[in-house]
Amino acid sequence: MKKTKYLLIIIVALLFASQSFAAWTLTPSRVGSTKHHLYWKLVMTSDGASLAATDILQYMDAGLLPMVRSSTMMIMNISPGEGSVIPNTTINITLTDAGGIAVFSETGYSKDADTVGISLATDYNQYLPVYDTLSITMNDIGDSGDQVTLFFDCWLED
């Protein structure tokens, strides 16, 4: 009887703990490409808390990953979710390179309307080359399930 009681306590504790470890869902995918341009998106679904620095590249499939790794990121567009997945607050984004340096960090993007044509050379004084790591950090945008989609226009070398 005692063993069963302790087993039930452990199971209940694990169930509560698993709920507290929910994480953002990051879904990158290719939108289109030409000889020298790659257009890809990152759909980000909130877990109801801020997103700590997370390497985007780890979520990419074998087709997209080598393209992004050999690219230079030039332009970003932000499309907040709509309807039931619209963020509750403005959007803050930080991109960090393989050396752990914040190469792009801006705050206050609209939660209600698309923001287009954001130059990724703003903070770094040149467009962003992608190496082995590309991390993103985002503020708490609201409820669990709220979404933001980022679109990246990248240059591809020969």
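A short reminder: the numbers here are calculations on the coordinates, not readings from a lab. This structure is a prediction, so every number in the text was calculated from the model and none was measured. Cβ sites come from the backbone with ideal geometry, for glycine too, and all protein chains shown count toward neighbours.
Scaled to the globular estimate 2.2 N^0.38 Å, the Cα spread of region 15-100, given as radius of gyration, is 1.25.
Extending 7 Å from the Cα toward the beta-carbon at both residue 102 and residue 123 defines two label points whose distance is 0.5 nm.
Simple spin-label estimate for residue 39 and residue 25 gives 2.5 nm between the two label positions (7 Å along the Cα-to-Cβ direction from each Cα).
If the chain linking residue 49 and residue 89 were pulled fully straight, counting 0.36 nm for each residue of separation and taking away their Cα-Cα distance, it would gain 13.2 nm. Count Lys and Arg as plus one, Asp and Glu as minus one, and take only other residues whose Cβ is under 14 Å from that of residue 65; the net charge is then -1. A straight line joining the Cα centroids of region 33-77 and region 95-158 runs 9 Å.
Placing a label point 7 Å from the Cα of residue 79 along the Cα-to-Cβ line, the residues of region 103-128 whose backbone N sits under 15 Å from it are 112-118.
Which entry is the computed semi-axes √(5λ) of the Cα gyration tensor in Å for this structure: [x] 34, 19, 14; [y] 45, 24, 17; [z] 36, 26, 14? Here the calculated entry is [x].
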